[in-house]
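Just so you know, all these numbers are worked out from the coordinates, no wet-lab data involved. If you're wondering where the values come from, they're calculated on a predicted model, not measured in any experiment. Reconstructed Cβ throughout: ideal geometry from the backbone, glycine too, with neighbour counts over all protein chains shown.
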Amino acid sequence: MPSQQKPGKKKAKPRVHRELEGFEVRVNSFGEISSNLEIEKINEFLNRNVEDKKLEEREDYSELKQGKTRKRKKTR
């Protein structure tokens, strides 16, 4: 459903972080999300710039945040 806009008015682009300049997200008629950035790059940006509130209570959160995860022993 197209939005109702007055003729002659342009839709302003939202402000974005410098690293995400030109980032676009689209949803097709099947509900699939497509983007012009790779998901890995988006995840890297989010990991650097967004606090994960669910993980804050973990004892090793500071290590996880720095990317230094401990290797777990495999149990059989």
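Of the residues G31, F45, S62, the one whose Cα sits farthest towards the positive end of the charge dipole of the stretch 20-65 is G31 (charges of +1 on Lys and Arg Cβ, -1 on Asp and Glu Cβ, taken about the Cα centre). Model label sites at L55 and E38, defined 7 Å from Cα along the beta-carbon direction, differ in position by 2.0 nm. Each 10 Å bin from zero up to the one holding the largest Cα-Cα distance in the stretch 20-65 carries the following percent of pairs: 22, 37, 26, 14, 1.
Spin-label model, V25 to K11: label points 7 Å out along the Cα-to-beta-carbon direction sit 1.4 nm apart.
In nm, what is the difference between 0.36 nm times the number of residues separating E63 and L46 and their Cα-Cα distance?
Contour length minus the Cα-Cα distance gives 4.5 nm.
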